[in-house]
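Novice: Encoded as structure tokens, here's the structure I'll be asking about.
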Amino acid sequence: MDTAQLTQQVSVAVNGLRERIGESFEVTVVLGSGLASFVDRMDGRTTVPYAEIPGFPVSTVKGHTGAVVAGSIGGHRVLCFAGRFHYYEGYDAATVTIPVRVAQALGVRAALFTNAAGGIADRLQLGDLMVIEDHLNLLTADSPLRGLSDEVFGSKFVNMYTAYDPVVTQALKSIGERRSLPIASGVYAALSGPQFETRAEIRMLRTLGADAVGMSTIPEVIVANQAGIRVGAVSVITDLATDTVTELSHDQVLATARRADEHLAELLTGVIEESDW
Ligand code: HPA
């Protein structure tokens, strides 16, 4: 996708959405596979299915409902994307990150990204909420910034040194602990998928320092950093990506995500309620 096309797609989507949900949002929440309970905790909700947003891609993956939900949590205006776009669906990285650009245009200053991920570190258990402290970008074939004009979107040489905002990250960890949620923290690695990893790939990821592995989120984090949006992110550990496990399916991932979904909703709600960013 080139700069003109992306600018056009984003502005059409922003105009379409603004008419229905207004603007001046503070926080955006992006919900990953099988994760939807957060939406039920939002007050004064307006839901706009992706299919009704001009210029917006359509989510094709089972477990993603595909709607923008606008509302508030504890008086904070929240723009929630229930369902995300993945590189493995055939979209390029710039398309996958359109929601983040739309959120920026609607005033968002902080983003909370969520995903389902396979646990690699021995300390992780099924259903854990792993606060992402850093990442390994193995989706390097396509960057969401590749080829875009710096004049339109800002410098493409984005500093990723503190890609995960230390204040937001600390808030996720401490609020999770205070509320006795199964909180962990670590490094997230993203591969392009959609196939799961081989045993050798899991050993490689472990050696490289990955604690969990998934197929999303990193392009969105890159764009949020370019846009000056503060980032927090959480992986729900839906399976254990060890080199002895032989059974793994998308349905299993969704089933575990659904069981952990209330915990995640509680964490996100708590962090937004107590936020001052
Ligand atoms: N690997 C990659 N992506 C995933 C996994 C996994 O084990 N679980 C959920 N998403």
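The values are calculated or read from the model by the stated rules, or taken from the named source; none is laboratory data. As the structure is a prediction and not an experimental result, all values here were calculated from the model. Ideal geometry is used to build each Cβ from the backbone, glycine not excepted, and the neighbour counts take in all protein chains shown. Ligands, DNA and RNA are stripped out before the accessible areas are found, and what is left, the full protein with its side chains, is counted by its heavy atoms. Shrake-Rupley method; radii C 1.70, N 1.55, O 1.52, S 1.80 Å.
Novice: Scan segment 97-104 and give yes if some residue there is away from the ligand (no atom under 13 Å from the Cβ), closer than 20 Å to VAL58 by Cβ and either touching a Lys or Arg at 6+ places or on another chain (Cβ under 8 Å) or assigned to a loop (DSSP other than H, G, I, E, B) (or both), otherwise no.
Specialist: Yes: segment 97-104 contains one or more residues that are away from the ligand (no atom under 13 Å from the Cβ), closer than 20 Å to VAL58 by Cβ and either touching a Lys or Arg at 6+ places or on another chain (Cβ under 8 Å) or assigned to a loop (DSSP other than H, G, I, E, B) (or both).
Novice: So, restricting to strands (runs of 3 or more DSSP E) that lie completely within segment 182-277, which ones have at least 2 residues that are under 20 Å from VAL167 (Cα atoms) and touching a residue at least 40 places away in the same chain (Cβ under 8 Å)?
Specialist: Output list reads 183-190, 230-240.
Novice: Inspect all residues belonging to segment 171-179 and state whether any of them is open to solvent by less than 40 Å² (accessible area, probe 1.4 Å), near the ligand (Cβ under 9 Å from one of its atoms) and within 19 Å of the chain's Cα centre (by Cα).
Specialist: no
Novice: Now for a different question. Report, by residue number, each residue of segment 180-203 that is of a type in the set (A, V, I, L, M), away from the ligand (no atom under 13 Å from the Cβ) and surrounded by 13 or more Cβ atoms within 10 Å (Cβ to Cβ).
Specialist: Hits for segment 180-203 are LEU181, ILE183, ALA184, VAL187.
Novice: I would also like to ask the following. Report whether or not SER33 is surrounded by fewer than 21 Cβ atoms within 10 Å (Cβ to Cβ), closer than 28 Å to ARG259 by Cβ and among the small types (Gly, Ala, Ser).
Specialist: Here the answer is no, as SER33 does not meet what is asked.
Novice: Still on this structure: For segment 146-181, how many residues meet the condition of being part of a loop (DSSP other than H, G, I, E, B), of a type in the set (A, V, I, L, M, F, W, C) and under 15 Å from ASN225 (Cβ atoms)?
Specialist: 5
Novice: Working carefully through the options VAL213, VAL223, VAL234, VAL168, find the one that is hydrophobic (A, V, I, L, M, F, W, C), away from the ligand (no atom under 16 Å from the Cβ) and crowded, with 24+ Cβ neighbours inside 10 Å.
Specialist: Matching residue, one of VAL213, VAL223, VAL234, VAL168: VAL223.
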